[in-house]
1. Which residues, taken from segment 1-20, are farther than 13 Å from TRP53 by Cβ and in contact with a strand residue (DSSP E or B) (Cβ under 6 Å, 6 or more places away or on another chain)?
2. Pairs only if they're at least six apart or on different chains, beta carbon under 8 angstrom, first in segment 24-39 and within 19 Å of ALA51 (Cα to Cα) and among the acidic types (Asp, Glu), second exposed (fewer than 13 other Cβ atoms within 10 Å of the Cβ) and at pLDDT below 95; list them, first residue then second.
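The values are calculated or read from the model by the stated rules, or taken from the named source; none is laboratory data. All of these numbers come straight from a predicted model, not from anything done at the bench. Counting neighbours? That spans all protein chains shown, and the Cβs are built from the backbone with ideal geometry, glycine included.
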Amino acid sequence: MAHTPEEPTRYVCTGCQSVFAGTAHSENGSHSFEAPAECAACGASSFVEFAHWTHESASQS
């Protein structure tokens, strides 16, 4: 069976809506993905997981 690479968690900047791949972190043999500390496009520090973006953006309207 072929190995399927794991897709990283994606995050949306709440300031400019740029999309970023999460940064992988390893702990105790497992790993997780975290949002960047700051948006490279606008400097904002608030991110929402891509999967939750439509709910977040709809609640801000």
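1. PRO8
2. GLU34/HIS25
Conditions tested, residue by residue: (1) surrounded by 14 or more Cβ atoms within 10 Å (Cβ to Cβ); (2) part of a strand (DSSP E or B); (3) of a type in the set (Asp, Glu); (4) under 8 Å from the mean Cα position of the chain (by Cα).
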{"residue": "TYR11", "(1), (2), (3), (4)": "yes, yes, no, yes"}
{"residue": "GLY15", "(1), (2), (3), (4)": "yes, no, no, no"}
{"residue": "SER26", "(1), (2), (3), (4)": "no, yes, no, no"}
{"residue": "HIS31", "(1), (2), (3), (4)": "no, yes, no, no"}
{"residue": "CYS39", "(1), (2), (3), (4)": "yes, no, no, no"}
{"residue": "GLY43", "(1), (2), (3), (4)": "no, no, no, no"}
{"residue": "VAL48", "(1), (2), (3), (4)": "yes, yes, no, yes"}
{"residue": "THR54", "(1), (2), (3), (4)": "no, no, no, no"}
